[in-house]
Structure formats: C-alpha cells, structure tokens
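Nothing in this text is a laboratory measurement; each read-out follows from the coordinates by a stated rule. Here the structure is a predicted model, which means the values were calculated and not measured. Positions of Cβ are backbone-derived with ideal geometry, glycine not excepted, and every protein chain shown enters the neighbour counts.
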Amino acid sequence: MVTSRAMTYTTPTQPGGPTAPPGPPPPPAPPSGFFGRLFDVRFRGFVTPMVVPVLYVLGMIGIGIAYLIYVVGAFSVNASFGVLVLLIIGPIMAMIGLLFLRLTLEFYVALTRLSEDFREWRAEWHRRQTSS
C-alpha cells in the first residue's frame, strides 16, 4: 500500500482497490447528423465534410452557367469572338475556376480533418498520461 499526503491507494500488485485515481470523464460524443452538428453551439462536431460535396456541385453548376452567359455575351459582340470564347477562352477559364473552387474546398476539408486528428491525438495523449 502506498500512502501519500493526498490519498492512500493500493499498488498494481495488491488486489482489492483502484490502481490509480480515476481521470476525468470522457468528453461527450459530437452530435450526429447535419442538423445536429449545424445547431451544436459548442462546436464539438464539424459540418464542413457534409457541406463540401454540395458546395462543389453548386459551384460546378455556377461555373457552367457563367460559362454559358460569357459565350452568349461574346456572340452578341462578334461571331468570331463568340467562337473563340466558345472553343478556347471559355473552357480554359471554366477549368481555372473549377480548379480554384476545388483547391479552396480541399483546403477547408484538410483543415477540418487536421483538427479532428489533433482532437483524437490529444485524447489519446490524455489517456496515456492518466494511465501511467
């Protein structure tokens, strides 16, 4: 038996008692589902991974509509400029816009995953500190 000023507890070799003081209770699980996470005022769960696919599809639709408006505007200026925009300039600009959209969304997803990984690592570190 080990005695200290703070408390008395049994060592791991002695049966019949706790081996160490209990640690703090585990944090509550993050809410599940889109609306559960959306209205979580403590921000325990991330909504970003659920929203990014929808934003990507909406962004692709927006880029496609902008491309069509750009082509129609180019044809209203001049037929040869319209063909140039339809075949060369428009697709290049649409691909650049799609690339920036994708990079931006991937950045936010990577930040979210990094934060989730840090939360898991911190919990694992805390478990190891309390168990040793």
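Once you order the gyration tensor axes a ≥ b ≥ c over the Cα atoms, which shape class does segment 43-132 get: rounded for a/c under 1.5, otherwise prolate or oblate by comparing a/b with b/c? Cα axes put segment 43-132 in the prolate bin. Peptides 33-45, 63-75, ordered by how many other C-beta atoms sit within 10 Å of their residues on average, highest first, read 63-75, 33-45. Counting Lys and Arg as +1 and Asp and Glu as -1 over every other residue whose Cβ lies under 15 Å from the Cβ of Thr112, the net charge comes to -1.
The modelled label-to-label distance for the pair Val51/Phe118, using points 7 Å beyond Cα in the direction of Cβ, is 1.9 nm.
Were the residues from Ser80 through Phe107 laid out at 0.36 nm apart, the gain over their Cα-Cα distance would be 5.8 nm. The HN-Hα couplings worked out from phi for segment 65-78 by the Karplus form 6.51 cos²θ - 1.76 cosθ + 1.60 (θ = phi - 60°) are 5, 4, 4, 5, 5, 5, 5, 4, x, 5, 5, 6, 7, 6 Hz, whole numbers, x standing for Gly and Pro. Using the Cβ-Cβ distance between Val41 and Ser131 with R0 set to 30 Å, the FRET efficiency works out to roughly 0.40.
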